[in-house]
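No value in this document is a laboratory result; all are computed from the given coordinates. Keep in mind the model is a prediction, meaning the values are calculated, not measured. Here the Cβ is made from the backbone with ideal geometry for all residues, glycine too, and neighbour counts use every protein chain on show.
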């Protein structure tokens, strides 16, 4: 079985390019294929190349913040200040959606199955798989209904409306109602009625004196995150260069 690095280089070679020792993309002089990388693609890669690892550091800070928010909620309970509760949902979504989806997109491009692939322990592939599986441990701590609820709370904490959870109008095909939303953390699409029902089930399961309490839900979710986030914090810290 080919390792991650070999798969990436093979994918690039089909377009007549490879990665030099400085991390920059260069053309393969003897390339005879029919789908060469464009000058724009090469420029994009090379100008995006970050020798200072800035984005990797930012991702570490993001995961650290999620762990710290989960700990704060776990310790303070419903007395946690509302900014921390709101930011918890945004940080959780960034891990379960943005980071997980980016990994899945990369695995798809190189033809790697993250559920079965095995890479040498020191390879980039092994690190990516370890990160993915650490994220999966967090995702699997929640039911489908709860993942929908987490997405809903991210939307309401990141936007002034809940538009993505209502029917929307589309001008496509002469005009039509759009009543569906895909939930990437679950892996499928739902109607707005199904989404509403899922959110209501989570609210009903966390009531105080007979009334749903979003503060209690945030604490319950945070305690689950806190119990499984350790491996992700560790793998993220190993992703950055010293300094």
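Pop a pseudo-label 7 angstrom from the Cα along the beta-carbon direction at both residue 49 and residue 78 and give the gap in nm to one decimal.
Inter-label distance under the simple model: 5.5 nm.
Whole angstrom only: what separates the Cα centroid of region 60-94 from the Cα centroid of region 33-59?
If we compute the Cα centre of each part, the gap is 33 Å.
How far is helix 124-139 tilted off the main Cα axis of the chain, in degrees rounded to 10, range 0 to 90?
Here the helix axis deviates by roughly 10 degrees.
Relative contact order of region 1-49: what whole-number percent is it, with Cα pairs under 8 angstrom and at least 6 residues apart? Don't skip to the end; give the middle numbers.
Values: 42 pairs, mean separation 15.3, N = 49.
That works out to 31 percent.
Considering Cα pairs under 8 angstrom that are at least six residues apart, work out the relative contact order of the chain and quote it in whole percent. Could you put the intermediate results ahead of the total?
Working: 258 pairs, mean separation 59.2, N = 243.
Relative contact order for the chain comes out at 24 percent.
Enter the angle in degrees (range 0 to 90, nearest 10) between the Cα long axis of helix 214-228 and the first principal axis of the Cα atoms of the chain, meaning the one along which they spread out most.
Around 40 degrees separate the two axes.
Given q = 0.20 Å⁻¹, what are the Debye log10 I(q)/I(0) values for region 1-49, with equal point scatterers placed on the Cα positions and solvent ignored?
-0.67
Mind pulling the angle between the C-alpha long axis of helix 39-48 and the longest principal axis of the chain? Nearest 10 degrees, somewhere in 0 to 90.
Long axis of 39-48 versus the principal axis of the chain: about 60 degrees.
Treat the chain as a sphere of radius equal to its Kirkwood radius over Cα pairs and apply Stokes-Einstein at 20 °C in a medium of 1.002 mPa s; give the translational diffusion coefficient in µm²/s, rounded to a whole number.
Working: Rh = 20.6 Å.
Answer from the Stokes-Einstein relation: 104 µm²/s.
If you average the C-alpha positions of region 158-185 and of region 223-242 separately, how far apart do those two centres end up, in angstrom?
34 Å
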